[in-house]
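Novice: Handing you a structure now.
The values are calculated or read from the model by the stated rules, or taken from the named source; none is laboratory data. What you are looking at is a predicted structure, and each value in this text was computed from that prediction instead of being measured. We place every Cβ from the backbone using ideal geometry, glycine too, and count neighbours over all the protein chains shown. The area values use the complete protein model at the heavy-atom level, side chains included, leaving out ligands, DNA and RNA. Shrake-Rupley method; radii C 1.70, N 1.55, O 1.52, S 1.80 Å.
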Amino acid sequence: MLISFKIYIYTPPNALSFSSPTESNFFACLQTSPFVTQNPEEAHLYFVPFSSNLSSRSVGRLIRELRMEFPYWDRTLGADHFYVSCAGLGYESDRNLVELKKNSVQISCFPAHEGRFVPHKDITLPPLANIARASHAPGNRTAKYLGFVRYNGIKESNLVNELRSDPDFLIESEPSNGTTLVGRLGSSVFCLFEHGADVSGIGEALRFGCVPVVVMDRPMQDLPLMDVIRWQKIAIFVGSRGGVKEVKRVLDSTCKDEGCAGRKRLGVVASQHFVWNDTPQPYDSFHMVMYQLWLRRHTIRYARSEFA
């Protein structure tokens, strides 16, 4: 892959702006990577760049212009193309948007917006951790279960309100500083992440041997690096409807008799895939996303009709 995989980047009509640092990091890494080729004829995949604030109508116009100027879109109806968008695309009636949504690979942020992620082809970016990388330091209080939950103005769920009143749980809405939080990550058995809240610390939880517990009430289809990581081996998934009692039952039954030792060990190994570097390094987030694109490079190319 490192030698042969080639990507052609269409020239964007205007300077690009993205809604999240993760999108910006990915695009910056892609532009300077050895995967990029200036010869579209040797490319395996084609990147369609557009800004996060671009309207659906403008995106549809962009695809129409690409198919008129280049022959590559119509060869597969966009199946060998990809784009990055944290917000994702909804369902539209415009033919160009329908093909982009249905056929092209969407790279979005985790968690993806409901209804805007197609599991068999789309990818989510590993979240960019906003926790300071510091050595272990003890916090003011430790607990068996560390609830790592940030809401940024989103109303807290009933489950989180229950967890706050249970002495076995420590819920962090706004950690005082990175050093304190890192200490708690290293001293807790479980780290809880509620789907829909801030999940940016999941990679750091893995790095410090804290087993991620993802709380959600629907199947997980948008986890980062699902082609790379065996999530069922390193994380625990639990619904919210059973309340605190059900959460405790699942955690204790899953990790009884040192059953979490293997999850912790595999999680530490997997954590290297959640690191974003200014200059990409082997096995980091950028390379793992590229590997998932590499797996999707095989597409059906329609023979072009030849007319006399």
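Novice: For GLU99, are the conditions met, namely being open to solvent by less than 30 Å² (accessible area, probe 1.4 Å) and either outside the structural domain of PRO40 (by the TED database) or charged (D, E, K, R) (or both)?
Specialist: Answer is yes for this residue.
Novice: Might you check whether a residue that is in a loop (DSSP other than H, G, I, E, B), open to solvent by less than 70 Å² (accessible area, probe 1.4 Å), touching a Ser or Thr at 6+ places or on another chain (Cβ under 6 Å) and at negative phi occurs anywhere in the stretch 61-77?
Specialist: No, every residue in the stretch 61-77 fails to be in a loop (DSSP other than H, G, I, E, B), open to solvent by less than 70 Å² (accessible area, probe 1.4 Å), touching a Ser or Thr at 6+ places or on another chain (Cβ under 6 Å) and at negative phi.
Novice: What number goes with the only condition from (1) at pLDDT 90 or above; (2) in contact with a Phe, Trp or Tyr (Cβ under 8 Å, 6 or more places away or on another chain) that CYS210 does not pass?
Specialist: (1)
Novice: Moving on to the next point. From the residues in the stretch 1-13 that are assigned to a loop (DSSP other than H, G, I, E, B) and β-branched (Val, Ile, Thr), which one is surrounded by the fewest Cβ atoms within 10 Å (Cβ to Cβ)?
Specialist: Filtering the stretch 1-13 for residues that are assigned to a loop (DSSP other than H, G, I, E, B) and β-branched (Val, Ile, Thr), the one surrounded by the fewest Cβ atoms within 10 Å (Cβ to Cβ) comes out as THR11.
Novice: What residue, among those in the stretch 288-299 that are of a type in the set (A, V, I, L, M, F, W, C) and over 16 Å from the mean Cα position of the chain (by Cα), is most open to solvent (accessible area, probe 1.4 Å)?
Specialist: Checked the stretch 288-299; the qualifying residue most open to solvent (accessible area, probe 1.4 Å) is LEU295.
Novice: Follow-up question, since we're still on this one. Looking at GLN272, GLN281, GLN292, which is the one that is in contact with a strand residue (DSSP E or B) (Cβ under 8 Å, 6 or more places away or on another chain) and modelled with pLDDT of 90 or more?
Specialist: When all the criteria are applied, what remains is GLN292.
Novice: Quick one: in the stretch 33-43, which of the residues that are in a loop (DSSP other than H, G, I, E, B) and either touching a strand residue (DSSP E or B) at 6+ places or on another chain (Cβ under 7 Å) or free of Cβ contacts under 8 Å to residues at least 60 places away in the same chain (or both) is nearest to MET290 (Cα to Cα)?
Specialist: Restricting to residues being in a loop (DSSP other than H, G, I, E, B) and either touching a strand residue (DSSP E or B) at 6+ places or on another chain (Cβ under 7 Å) or free of Cβ contacts under 8 Å to residues at least 60 places away in the same chain (or both), the top hit is PHE35.
Novice: Looking at this structure, is PRO219 open to solvent by 20 Å² or more (accessible area, probe 1.4 Å), out of contact with any Gly (no Cβ under 7 Å at 6 or more places or on another chain) and outside the structural domain of VAL189 (by the TED database)?
Specialist: No.
Novice: Working only within the stretch 262-287, note down all residues that are of a type in the set (S, T, N, Q), more than 14 Å from the chain's Cα centre (by Cα) and surrounded by 14 or more Cβ atoms within 10 Å (Cβ to Cβ).
Specialist: Across the stretch 262-287, the qualifying residue is only GLN272.
Novice: Cβ-Cβ under 7 Å, sequence separation 6+ or interchain: first residue in the stretch 231-254 and in contact (Cβ under 8 Å) with a residue 60 or more places away in the chain and over 20 Å from ALA205 (Cα atoms), partner outside any strand (DSSP E or B) and among the hydrophobic types (A, V, I, L, M, F, W, C). Which pairs?
Specialist: Final answer for the pair search is SER240/LEU159; GLY243/LEU159; VAL244/LEU163.
Novice: Sort out which residues of the stretch 44-56 are in contact (Cβ under 8 Å) with a residue 24 or more places away in the chain and either open to solvent by 60 Å² or more (accessible area, probe 1.4 Å) or farther than 28 Å from ARG95 by Cα (or both), and write them in order of number.
Specialist: Once the filter is applied, which keeps residues that are in contact (Cβ under 8 Å) with a residue 24 or more places away in the chain and either open to solvent by 60 Å² or more (accessible area, probe 1.4 Å) or farther than 28 Å from ARG95 by Cα (or both), the stretch 44-56 yields only ASN53.
Novice: Separate question: Of all the residues that make up the stretch 14-26, how many are outside any loop (DSSP other than H, G, I, E, B) and either outside the structural domain of ILE123 (by the TED database) or open to solvent by 20 Å² or more (accessible area, probe 1.4 Å) (or both)?
Specialist: 3
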